[in-house]
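What follows is a short report on a single structure.
The values are calculated or read from the model by the stated rules, or taken from the named source; none is laboratory data. Predicted, not measured: the structure shown is a model, and the values here were computed from it. Neighbour counts run over all protein chains shown; Cβ positions are idealised from the backbone, glycine included. Accessible surface areas use protein heavy atoms only, side chains included; no ligands, DNA or RNA. Shrake-Rupley method; radii C 1.70, N 1.55, O 1.52, S 1.80 Å.
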Amino acid sequence: MMKTPRLHRLTTASCTAAVLLGLAACVQATAPSAAGGDSSASLPTGGSVDAAAMLAAHNSWRAKYGVPPLQWSAKLADVAQHWADHLASTSCTPGHSGNQYGENVYWGSPVQWSNGRSEVSPTSAQTVVDSWGNEVEYYDYSDNSCHATCGHYTQVVWKDTKEVGCGMAVCGNKAQIWICSYDPPGNAVGKKPY
């Protein structure tokens, strides 16, 4: 009896781009998986952000620090989606838009199979926001300083920010870029987030 060859799924952990430093750190691991069809075929190329889940993920982090909840903004979601679409259709490299809003950027790598096939890695709103929120470990509230990248975290919990809107786009190589826009923006020099 002939054995069916097994494909190995090479997963690269979704990364938060340290845009300010121009770095993206990822961890690679291999895990066996049965061969199957291209599960990414049904995924949209953009606009697939679950607004309720994204808002809940932000507000759970804000509640930990006694910061008022955010409201969803369709206008900010359109701004974020436009930038995500632009990045996905050009370089597929994380970068900031430079607009007047606060902005967090998340880049997620594709799943790479041993046969060379790529697919979109399933990523939730909670995963994206947690990647930013977990930067709290690098933030020192007592002297309002970062010991590594922590500006995504401080934007998520910035007390004066009232609204958020997010967008996501999938690049041609199946990587994904998530953008959240914030108003008013956070990370004002010399001010603590809360």
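Note on Asp50 and Lys192: the extension gain reaches 48.2 nm, defined as 0.36 nm multiplied by sequence separation minus the Cα-Cα distance.
In straight Cα distance, which aspartates and glutamates are under 14 Å from Lys174, not counting same-chain residues fewer than 8 positions off? Partners found: Asp38, Asp85, Glu119. Seen from every direction in turn and averaged, the convex hull around the alpha carbons of the stretch 115-171 projects onto 5.9 nm². A straight Cα-to-Cα reach below 22 Å connects Lys75 with the lysines Lys159, Lys162, residues fewer than 8 places away in its own chain not being considered. Accessible surface calculations at 1.4 Å, restricted to protein heavy atoms, place the stretch 51-178 at 41 Å² per residue.
All other residues whose Cβ lies under 9 angstrom from that of Gly167 are scored, Lys and Arg at +1 and Asp and Glu at -1, for a net of -2.
With the cut-off at 1.5 for a/c, could you classify the stretch 68-194 from its C-alpha gyration tensor as rounded, prolate or oblate? Since a/c reaches 1.5 and a/b is larger than b/c, the shape of the stretch 68-194 is classed as prolate.
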